[in-house]
1. Assess whether Met186 counts as being at pLDDT below 90 and under 26 Å from Leu128 (Cα atoms).
2. Taking the stretch 100-136 as the search range and keeping residues that are among the charged types (D, E, K, R) and touching a helix residue (DSSP H, G or I) at 6+ places or on another chain (Cβ under 8 Å), which one is most open to solvent (accessible area, probe 1.4 Å)?
3. Identify, by number, the condition in (1) at pLDDT 95 or above; (2) loosely packed, with under 14 Cβ neighbours inside 10 Å that Leu13 doesn't meet.
4. Exactly one condition in (1) loosely packed, with under 11 Cβ neighbours inside 10 Å; (2) in contact (Cβ under 8 Å) with a residue 24 or more places away in the chain; (3) of a type in the set (Asp, Glu) is false for Asp18; which is it?
5. The conditions are (1) open to solvent by 30 Å² or more (accessible area, probe 1.4 Å); (2) under 21 Å from Leu22 (Cα atoms), and Leu174 fails exactly one of them. Which is it?
6. In the stretch 171-221, what residues are touching a His at 6+ places or on another chain (Cβ under 6 Å) and part of a strand (DSSP E or B)?
7. When the residues of the stretch 203-219 are narrowed to those that are open to solvent by less than 70 Å² (accessible area, probe 1.4 Å) and over 28 Å from the mean Cα position of the chain (by Cα), which ends up nearest to Asp167 (Cα to Cα)?
8. When you scan the stretch 151-166, how many residues do you find that are more than 13 Å from His100 (Cβ to Cβ) and surrounded by 20 or more Cβ atoms within 10 Å (Cβ to Cβ)?
Amino acid sequence: AAGPLHSNDYLLLSTMPDLLALGRVAKRFFEPNVEVTDEIRELAHGLISGARSERDKVRVLYNWVTQNIRYVSIPLGEGYLVPHPASKVLHNRYGDCKDHVVLLESLLKAVGIESSPALISSGGNQRLSSIGAHYPINHVITYVPSLDLYLDSTDPFAPFGTLPLGDLDKPVVLTGLNRLGHTPPMKADDHTSHTEVRMTVHPDGSISGKALARRTGYLEIGSRASRFEDQSKSMSDV
């Protein structure tokens, strides 16, 4: 097969006929590691105590995972494809994309909300293979079917309901639902930047003022990340 995002032709071979077959195999990797232990149940119910709607509950649990589980990938042995048990991820406070998905799914399940891993190619590939080949899938995110909502908890700067640029408008394999899906397309109204600058010229020629920037969508994610990096650099220079 040849694709517009590849510089050369390539050949994919698989013993699985299609992506749904691949998804069923992946499901066997994910399902056993979704755990609703006493600790996970207590944490989940404590976090949502003030939430009124299902969306609010999902928001609180997503925010907790993004803020408390560091993204660390250690692809050794079966760890390249198989996530760690949710209880272990919670204990370690770190994990890769698979671990994030397993823990978030466990927290959601503890409060009665179903979700599914969504296999995706995060980056330049806009399509997946027509056969059950792992390539170019390189990432997994969370899908909440009751809200038709995709979440990527590995990005600590992504506000709830906003996906990183590399996840937008992508086909996905929903392993828990045995079907294909598609992340939201990029819409201009969802990704905006507006800056308002007010300046005062004083009689002595000096100028004072302030600027207020409002960003949404992936532009907001980039703004948050760059601001954090700038602060980290300044602190390290002290």
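1. yes
2. Only one residue tops the list, namely Glu114.
3. Condition not satisfied by Leu13: (1).
4. (1)
5. Leu174 satisfies all of (1) open to solvent by 30 Å² or more (accessible area, probe 1.4 Å); (2) under 21 Å from Leu22 (Cα atoms) except (1).
6. Within the stretch 171-221, Pro171, Arg214 meet the criteria.
7. Taking the candidates together, the pick is Gly209.
8. 2
The values are calculated or read from the model by the stated rules, or taken from the named source; none is laboratory data. This one's a predicted model, so the numbers in the text were calculated from it and none came from an experiment. Cβ atoms come from the backbone with ideal geometry, glycine included; neighbour counts cover every protein chain shown. Each accessible area value is taken on the protein alone, full model and side chains, heavy atoms only, with ligands, DNA and RNA left out. Shrake-Rupley method; radii C 1.70, N 1.55, O 1.52, S 1.80 Å.
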